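Asker: Here it is, the structure, as structure tokens.
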Amino acid sequence: MDISVVIPLFNESESLPELASWIERVMADHDFSYEVIFVDDGSTDGSWDVITDLSKGNPCIRGISFRRNYGKSPALNTGFKAAQGDVVITMDADLQDSPDEIPDLYRMVMRDGYDLVSGWKRKRYDPLSKTIPTKLFNATARKVSGIKNLHDFNCGLKAYRLEVVKHIEVYGDMHRYIPYLAKIAGYTRIGEKEVRHQARKYGKTKFGLDRFINGYLDLATLWFTGKFGAKPMHFFGLLGSLMFIIGFVAVTIVGFRKLYDMYHGNPYILVTDSPYFYLSLTMMVLGTMLFLTGFIGELIVRNAPERNHYEIKGNIGNNDQPQA
């Protein structure tokens with residue numbers, strides 16, 4: 001099969017027939033073998049009934065329905081598990097992503113050798129309250145992830161080589177950072193294609209401004225787990241040791257200062273009357289706690305079943321050697 005189109009949706013019953021017809025027309029024009037996987041994220045507007053009717057008229061249309069609304073990331077992850085095409089295309093169900101982009105995205109993966117191609121909606125039909133935070137968000141994501149060539153991490157229109165979606169896990173709200181997840185997994189051939197953005201035709205957006213706050217928190221989590229997830233002592237141990245050493249040096253200075261004043265007959269105060277004494281002790285306590293946190297983290301990682309799981313790109317020679 002050439003293409004799997006994965007479409008997560010929530011309350012988009014009005015747009016589904018038009019979207020399905022549009023995709024079918026594009027696939028027929030380019031003679032692609034394909035499947036469309038609609039993942040209904042607990043819709044309450046009859047979207048599942050529409051998907052059921054569409055599947056009866058087109059055997060290439062499949063559907064997966066959640067009992068309740070879980071979010072876009074779980075919907076994408078479920079669709080990725082079900083996908084079978086050589087190239088997996090994701091798009092939103094609100095008709096803001098154009099299926100006419102599919103052939104070029106497919107060629108960029110199959111012919112140009114990209115692992116992942118992300119869409120870039122240079123011209124957007126969104127209010128300033130959405131576009132300005134989006135630009136700031138994408139600038140931060142580029143800086144943290146090191147993927148300098150992407151302008152729109154959160155664009156729903158993306159293309160993946162099948163093995164990419166089978167080797168990443170999209171959870172929480174991490175759908176915004178799938179290119180970063182792919183990079184962490186070792187898929188570094190990441191490209192971008194400028195795509196057309198269309199104004200929403202039916203319904204209203206399902207995302208509020210809180211997604212920008214959550215997006216930054218998720219980015220911090222992903223950066224930390226990607227950098228220190230397998231070696232937490234390198235972060236907590238180093239930071240804890242530095243804090244303990246600084247606190248120890250500071251409390252030593254406080255003690256020696258009192259002894260110096262006593263020896264030379266200068267006025268002095270009790271060590272326990274100095275605020276620097278308590279600040280130093282606090283740093284030592286916090287440093288010890290951080291060090292122990294890193295130590296406990298190392299014990300957890302050591303006993304994790306996937307601690308020695310590595311993605312193997314190729315294997316030449318003795319195929320009897322055990323693989324992680």
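Asker: Which whole-number percent is the relative contact order of the chain (Cα, under 8 Å, 6+ apart)? Don't jump to the answer; show the numbers that get you there.
Answerer: On the way: 504 pairs, mean separation 53.3, N = 324.
Taking the mean separation of contacting Cα pairs over the length of the chain, I get 16 percent.
Asker: Over 30 Å between C-alpha atoms is what I'm after, so list which of Lys56/Lys193; Lys183/Lys231; Lys135/Lys158 land there.
Answerer: Working: Lys56/Lys193 34 Å; Lys183/Lys231 18 Å; Lys135/Lys158 18 Å.
As for pairs spanning more than 30 Å Cα to Cα, those are Lys56/Lys193.
Asker: Sticking with this one: Round to a whole number: what % of the accessible area of the chain belongs to carbon and sulfur, probe 1.4 Å?
Answerer: On the way: 10600 of 18010 Å².
The computed percentage sits at 59.
Asker: Then there is this: Tell me, what is the 1.4 Å probe accessible area of Met283, in Å² to the nearest 10?
Answerer: For Met283, solvent-accessible area is about 60 Å².
Asker: So what is the calculated 222 nm ellipticity per residue for the chain, using -39500 (n - 2.57) for each DSSP H run with n of 4 or more, over all residues, to the nearest 500 deg cm²/dmol?
Answerer: Result for the chain, helices only: -15500 deg cm²/dmol.
Asker: Let me ask something additional. How big is the charge dipole of region 1-145 about its Cα centre, in debye rounded to the nearest 20, if each Lys and Arg gets +1 on its Cβ and each Asp and Glu gets -1 on its Cβ?
Answerer: 860 debye
Asker: Cut-off under 17 Å on the C-alpha distance; same-chain residues fewer than 8 positions from Lys148 excluded. Which aspartates and glutamates are left, in chain and number order?
Answerer: Filter leaves Asp115, Glu192, Glu194.
Asker: On alpha-carbon atoms, Rg over Rh for region 1-117 using Kirkwood Rh? Before the final figure, lay out the partial values.
Answerer: On the way: Rg = 13.5 Å, Rh = 14.2 Å.
Taking Rg over the Kirkwood Rh, I get 0.95.
Asker: Also: What distance in nm separates the simple spin-label points at Arg302 and Asn69, each placed 7 Å from Cα in the Cβ direction?
Answerer: With each label placed 7 Å out from Cα toward Cβ, I get 4.5 nm.
Asker: Continuing with the same structure: Given axes a ≥ b ≥ c from the Cα gyration tensor, I'd like to know whether region 52-204 is rounded (a/c under 1.5), prolate (a/b larger than b/c) or oblate. Intermediate results must be reported in sequence, preceding the final value.
Answerer: Numbers: a/c = 1.40, a/b = 1.15, b/c = 1.22.
Rounded, since a/c falls under 1.5.
Asker: Separation between the Asp261 and Thr282 pseudo-spin-labels, each 7 Å from Cα along Cα→Cβ, expressed in nm?
Answerer: 2.1 nm
Asker: To the nearest 0.05, what FRET efficiency results for Val271 and Leu239 with a Förster distance of 30 Å applied to their C-beta separation?
Answerer: On the way: r = 27 Å, r/R0 = 0.89.
Approximately 0.65, to the nearest 0.05.
Asker: To continue, here is another question. Using the Karplus curve 6.51 cos²θ - 1.76 cosθ + 1.60 with θ = phi - 60°, what ³J(HN,Hα) values do you get for each residue of region 232-239, in whole Hz, with x for Gly and Pro?
Answerer: x, 5, 5, 9, 5, x, 5, 5
Asker: Pulled fully out, how much extra length does the chain show between Glu169 and Thr52, if you take 0.36 nm times their separation in residues and subtract their Cα-Cα distance?
Answerer: Details: separation 117, 0.36 × 117 = 42.12 nm, distance 2.75 nm.
Between Glu169 and Thr52, full extension yields an extra 39.4 nm.
Asker: Quick check on region 143-184: take the gyration tensor over C-alpha atoms, sort the square-rooted eigenvalues as a ≥ b ≥ c, and tell me if it's rounded (a/c under 1.5), prolate or oblate.
Answerer: On the way: a/c = 1.44, a/b = 1.38, b/c = 1.04.
Since a/c stays below 1.5, the shape of region 143-184 is classed as rounded.
Asker: Another question about this same structure. Could you work out, for the chain, what percent of all Cα-Cα pairs fall into each 10 Å distance bin, beginning at 0 Å and stopping at the bin that holds the largest distance?
Answerer: Per 10 Å bin, starting at 0, the Cα pair percentages come out as 5, 21, 26, 18, 12, 8, 5, 3, 1, 0.
Asker: Also, I was wondering about something else. Mind checking which of Thr134, Met289, Leu157 is farthest towards the positive end of the chain's charge dipole, using Cβ charges of +1 (Lys, Arg) and -1 (Asp, Glu) about the Cα centre?
Answerer: My answer, from the dipole projection, is Met289.
Asker: Can you give me the accessible area per residue for the chain, using a 1.4 Å probe, in Å²?
Answerer: Details: 18010 Å² over 324 residues.
Each residue of the chain exposes 56 Å² on average to a 1.4 Å probe.
Asker: Would region 54-114 count as rounded, prolate or oblate if I go by the C-alpha gyration tensor, calling it rounded below 1.5 in a/c and otherwise prolate when a/b exceeds b/c, oblate otherwise?
Answerer: It comes out prolate by the Cα gyration axes.
Asker: Where does the charge balance sit around Asp45 when Lys and Arg score +1, Asp and Glu -1, over other residues with C-beta under 11 Å from its C-beta? Let's see the in-between values first.
Answerer: Numbers: positive: none; negative: Glu12, Glu14, Asp40, Asp49.
In short, -4.
Asker: Still on this structure: Averaging sequence separations of C-alpha pairs under 8 Å and six or more residues apart, then dividing by the length of region 1-80, give the relative contact order as a whole percent.
Answerer: On the way: 130 pairs, mean separation 31.2, N = 80.
Dividing the mean separation by the residue count of region 1-80 yields 39 percent.
Asker: Got a sec? What order do Asp173, Asp29, Asp41 fall in by accessible area at 1.4 Å, biggest, i.e. largest, first?
Answerer: Working: Asp173 55, Asp29 115, Asp41 10 Å².
Heavy-atom accessible area, descending, gives Asp29, Asp173, Asp41.
Asker: Treating only the Cβ of Lys, Arg, Asp and Glu as charged (+1, +1, -1, -1), what charge dipole size does the chain show about its Cα centre? Round to the nearest 20 debye.
Answerer: Numbers: 38 positive and 37 negative charges, 226 e Å.
That gives a dipole near 1080 debye.
The values are calculated or read from the model by the stated rules, or taken from the named source; none is laboratory data. It should be emphasised that the depicted structure is a prediction, and the values quoted were computed from it without experimental measurement. Glycine gets a Cβ as well: all are built from the backbone with ideal geometry, and neighbour counts include every protein chain shown. Remember, those area values only see protein heavy atoms, side chains included, never the ligands or the DNA or RNA. Shrake-Rupley method; radii C 1.70, N 1.55, O 1.52, S 1.80 Å.
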